[in-house]
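One structure below.
The values are calculated or read from the model by the stated rules, or taken from the named source; none is laboratory data. The structure presented is a predicted model; accordingly, all values stated were derived computationally and were not measured. As a convention, Cβ positions derive from the backbone with ideal geometry for all residues, glycine included, and neighbour counts pool all protein chains shown. Only protein heavy atoms, including side chains, enter the accessible area calculation; ligands, DNA and RNA are left aside. Shrake-Rupley method; radii C 1.70, N 1.55, O 1.52, S 1.80 Å.
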Amino acid sequence: MAVKIRLTRIGRHKDPFYRIVAADSRYARDGRFIEQIGYIDPHKDIKEAVVDEEIALKWLNEGAIPTDTVKSIFRAKGIMEKFDKQKREAKK
């Protein structure tokens, strides 16, 4: 099972709102997902996204692949830096 961390769209017509979810890559964008990690309002700054850091790191450590957009959100929140640091410490 290939797990991706990606955005799923919710909200009304012309008023988007996105959830950050861990989902099987074979399912539709707005279909089933395994776990919700956070959410983002595209009308606000990327740094205002709400992300559960503990869950995000858990999925990254289990091999989930974030999409480019989610990766940029994680970089803004400092999650990718912590993940890279964990990987380097594990190699020692």
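Number of residues in the range 29-84 that are farther than 17 Å from residue 10 by Cα and among the small types (Gly, Ala, Ser): the value is 6. Residues considered: 85, 44. Of these, the only one that is in a loop (DSSP other than H, G, I, E, B) and out of contact with any strand residue (DSSP E or B) (no Cβ under 8 Å at 6 or more places or on another chain) is 44. Pairs linking a residue in the range 1-27 that is part of a loop (DSSP other than H, G, I, E, B) to a residue that is open to solvent by 60 Å² or more (accessible area, probe 1.4 Å) and not β-branched (Val, Ile, Thr), with Cβ atoms under 6 Å and 6 or more positions apart or on different chains, are 25/4. Residue count for the range 37-84, restricted to those that are within 13 Å of the chain's Cα centre (by Cα) and basic (Lys, Arg): 4. Annotation: of all residues in the range 34-90 being under 12 Å from residue 7 (Cα atoms) and free of Cβ contacts under 8 Å to residues at least 12 places away in the same chain, the one that is surrounded by the fewest Cβ atoms within 10 Å (Cβ to Cβ) is 68.
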